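These notes concern the structure reproduced below.
The values are calculated or read from the model by the stated rules, or taken from the named source; none is laboratory data. Note that the structure is predicted; figures quoted are calculated from it, not measured. Cβ coordinates were reconstructed from backbone atoms using ideal geometry, including for glycine residues, and neighbour counts include every protein chain displayed. Just so you know, the surface numbers come from the protein's heavy atoms only, side chains and all, with ligands and any DNA or RNA stripped out. Shrake-Rupley method; radii C 1.70, N 1.55, O 1.52, S 1.80 Å.
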Amino acid sequence: MAAILSRNANHLRLVRRCLHSLSRPTKPSPPFPGAVRSRSSPILRSLMPVQSLGLYERWLSSTSASTASSGDSEVKAPAEATRGGEEKSGGSNQSSDAGKPVRGGPVSWLSFLLLVATGAGLIFYYDREKKRHIEDISNASKAVKQGPSVGKAAIGGPFNLINDEGKNVTEKDFLGRWTLMYFGFTHCPDICPDELQKLAAAVDKIKEKAGFDIVPVFISVDPERDTVEQVHEYVKEFHPTLIGLTGTPDEIKKVARAYRVYYMKTAEEDSDYLVDHSIVMYLMGPDMDFVKFFGKNNDVDALTDGVINEIKKYKKQK
C-alpha cells in the first residue's frame, strides 16, 4: 500500500510541474534555423490539453483518497474481526458455562447423617466420662470420710488438774470409759450453759437408746475465777455425773494446747470479763484417744446419734 501511495504522489508531482510550466510565459529566443519557439513540450500539449491535465489531477486525488480509505478499511477490518472473534469466544464461553451442569450443595444426606452420628457419639462419650468422674469423686470423698478410722488426729494428751471435789485428776483416771469433754468457764452468760444443757441431755438419751454410759467432763479456761468451789456449784446445776476440772493457769494452758482449744480474755473491766474460746465437744475413747468432735451446729439428737454411731463403729473394729 505504501508503494501505491508513493507512485501516485510521484505522478501528482509530475503533473503539477507540467501545469506550472504551461502556465508560465516563455521568452522569445533569437531566431535561428531549426530553433524551437517554446521551452514547453509541444508534444505534451498536443497529447494532453490543459483540461485533460486538470481532470487527470483530480483523478489522481480521488484515486489516492480511495486507496487511503481502502487501506484504512483494511486496517480496521482485522481489528473488527479480532473484536468480533473475542465477542464470539466470550459468548461461546458463556454458553459453555451455562451449559455445564450445576453440582449439588456442599452437604449431602450421607454427610449429614455422618455428622449426626459423630455428634451423638461424642455426646455419649463425654456423658459417660462425666459420670465416671463423678463416681471417682464420690468414692474419693467416701475414702476421706473413712480416714479417721485409719489414722487418728493429734488431739488429746496427758494433763494434771483438780476436780470439783478438790482431788488431783489425770487422763489415766478416765481410762476404760467413754468421755465427752467440753471447755468453758462458769461466768459464761449464754453459750456455755446452752452447750452444757445439750451435753447433759445427750448423755441421758445415749443411755436410754443404746445403754452406753458416757462420762461428761467440764474443763475451765478461766482458772483465775473458777475455783474448786465455784466449779462444783456450777456443774451440779446441769447433771449429777458432770465432772468439773480446774487448775493453775499453766496447767490449763497445757491441756488447752493438747486439745487444740483456743481461749483468750476479752473486755476486761476490774474483775468482770469474758473469755472467748472454742465451742467444741470432744468424744474420747476408752483409751483416752480422740474419736470425734462435735461443734455447736449439732443439736441434742445429732449429738446423741453421732456418739452412738462412733461407739458402735469402735466396737466393730475391736
With x for Gly and Pro, the residue-by-residue ³J(HN,Hα) of the range 174-185, computed from phi through the Karplus equation 6.51 cos²θ - 1.76 cosθ + 1.60 at θ = phi - 60° and given in whole Hz, is 10, 5, x, 10, 7, 10, 10, 10, 9, 9, x, 8
Just to make sure I understand: if all protein chains stay in place, what is the order of Glu195, Glu129 by accessible area at 1.4 Å, largest first?
Glu129, Glu195
Mean Cβ-within-10 Å packing, highest first, puts peptides 297-304, 114-121, 226-233 in the order 226-233, 297-304, 114-121
Counting only the backbone N, which residues of the range 167-183 are under 18 Å from the spot 7 Å out from the Cα of Thr248 toward its beta-carbon?
167-171
Dipole of the range 204-263 (Lys/Arg Cβ +1, Asp/Glu Cβ -1, origin at the Cα centre): which of Phe218, Ile206, Leu245 lies farthest to the positive side?
Ile206
Dipole size in debye (nearest 20) for the range 189-303 around its Cα centre, Lys and Arg Cβ +1, Asp and Glu Cβ -1?
620 debye
Amide H to amide H under 5 Å from Trp178: which residues, 5+ apart in sequence or cross-chain, H placed 1.01 Å off N in plane?
Val215
Can you tell me how the range 172-228 classifies by the Cα gyration tensor, rounded, prolate or oblate, using a/c under 1.5 as the rounded cut?
oblate
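Once the Cβ-Cβ distance between Trp109 and Glu129 is put in as r, and R0 is 35 Å, what FRET efficiency do you end up with, to the nearest 0.05?
0.70
Got a sec? What order do Arg132, Arg257, Arg225, Arg177 fall in by accessible area at 1.4 Å, biggest, i.e. largest, first?
Details: Arg132 120, Arg257 145, Arg225 40, Arg177 100 Å².
These residues rank, largest area first, as Arg257, Arg132, Arg177, Arg225.
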Estimated dipole of the range 257-318 in Debye, rounded to 20 [Cβ of Lys and Arg +1, of Asp and Glu -1, Cα centre]:
760 debye
Go ahead and run the numbers for FRET between Asp305 and Glu233, Cβ-Cβ distance against an R0 of 25 Å, rounding to 0.05.
0.20
